[in-house]
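Written below as structure tokens is the structure these notes are about.
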Amino acid sequence: GRAALDRLLAAAPGARAEVRRLDLGDLASIRAFADGWDHDRLDLLVNNAGVAMVPFARTADGFESQFGINHLGTFALTGLLLPHLAASPGARVVTVSSEGQRFARLDFDNLDAERGFRTTVAYGQSKRANLYFATELQRRADAAGLPLRSMAVAPGLTRTNVLTGGANSRRGRLYRTLIRSLMRLAFRPTPEGAKTSLYAATVADLPGGSYVVPDGPFQLRGEPVPRHGERAQLDTGTARRLWDLSEKLTGVPFLPWDHGGAGRPLP
């Protein structure tokens, strides 16, 4: 983190930036981060951190790691920072999903890998959950009269260390060699994958509830474009069910808020 901060300050010497510790796999860490937030408001939250295709493991709180980190950690962090987001007149929340979510369906009987584990299924479900969360957050913000915009994005195939670092670094030499070769051939440089997040974070007239994806085949590469017809964006029943479950599992209720006296309680 400090190395990344040094690179940022070298590229933008006038920037005001800092690095803080946060572990999305540990609810205590998330609460400590939120409790330590000491700025008057939060204008933009990009929920980018996550893991992908990792071997079976559980978080500090006992959740399957991909569901626990990618979705529940994101859910808890956003909920705990919501008062600071509500203090901003035009806050945005950008949640990074994946093009792989299109092939996933939430199995509420096995979201936490209690009845068998397949890493690709667990990853797809967690990224599908990200899209449900981002869309449902927008519905609830609208119902509360809060001028918050919540968007989800898919980065496309991006050449990062998410498939080779962390828990995946222990998979062995053959795995690392194959994945690195595949990434060199088929994956885009990291700045290309960041485009959809930057688009969602900065385009002035982008409506809340948008899902920004690459415009190429299968959403794997290309330039950012908003998409509004994904099934998860329209499935309000599953989104509400996931929301209620997430509040129960994390212990983080999205309490009613009031924005300048105009807010209404969340449904």
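Couple of notes before you dig in:
- A protection proxy built from the mean count of other Cβ atoms within 10 Å ranks the segments 122-128, 100-106, 202-208, most packed first, as 122-128, 100-106, 202-208.
- Using C-alpha pairs below 8 Å separated by at least 6 residues, the relative contact order for the chain is 19 percent.
- Diffusion coefficient, µm² s⁻¹, Stokes-Einstein with Kirkwood Rh over alpha-carbon pairs of segment 10-97 at 4 °C and 1.567 mPa s: 91
- Considering only G36, P13, G79, and ranking their Cα positions along the charge dipole of segment 6-80 that arises from unit charges at the beta-carbon of Lys, Arg, Asp and Glu, the one farthest toward the positive end is P13.
- Prolate/oblate/rounded label for segment 48-106 (Cα gyration tensor, a/c 1.5): oblate
- One equal scatterer on each Cα of segment 31-146, no solvent, Debye formula: the resulting log10 I(q)/I(0) at q = 0.11, 0.16 Å⁻¹ is -0.39, -0.77.
- Within-15-Å neighbourhood charge of G36 [Cβ basis; K, R +1; D, E -1]: -3
- Computed over neighbours whose Cβ is under 11 Å from that of K127, the net charge equals +1, Lys and Arg +1, Asp and Glu -1.
- With 5 Å bins beginning at zero, the pair-distance distribution over Cα atoms of segment 120-262 amounts to 2, 9, 14, 17, 17, 15, 12, 8, 4, 2, 1, 0 %.
- Charge sum, other residues only, whose C-beta stays under 13 Å from A201's C-beta, Lys/Arg counted +1 and Asp/Glu -1: +2
- With only Cα atoms counted, segment 69-202 has Rg and Dmax values of 16.9, 53 Å.
- Of the beta bridges in segment 31-190, as assigned by DSSP with both residues counted there, near 10 percent are antiparallel.
- Prolate/oblate/rounded label for segment 160-215 (Cα gyration tensor, a/c 1.5): prolate
- Centre separation in Å (Cα based) which lies between segment 99-144 and segment 203-242: 14
- Taking max minus min of the alpha-carbon positions on each principal axis, the chain gives extents of 59, 50, 37 Å, largest first.
- Cα gyration tensor category, rounded, prolate or oblate, for segment 117-160 with a/c compared to 1.5: oblate
- For the chain, with all protein chains in place and a probe radius of 1.4 Å, 55% of the accessible heavy-atom surface sits on carbon or sulfur.
- The figure for S169 is an accessible area of roughly 50 square angstrom, using a 1.4 Å probe on the protein chains alone.
- Take I69: with every protein chain present and a 1.4 Å probe, its accessible area is about 30 Å².
- N47 long-range amide H proximity, modeled H, under 5 Å: V94, T95, V96
- Accessible area of S150 in the full protein assembly, 1.4 Å probe (Å², nearest 10): 0
The values are calculated or read from the model by the stated rules, or taken from the named source; none is laboratory data. Worth saying up front: this structure is predicted, and the values here are computed from it rather than measured. Note: ideal-geometry Cβ built from the backbone for every residue, glycine included; neighbour counts use all protein chains shown. Calculation scope for accessible area: heavy atoms of the full protein, side chains included, ligands and nucleic acids excluded. Shrake-Rupley method; radii C 1.70, N 1.55, O 1.52, S 1.80 Å.
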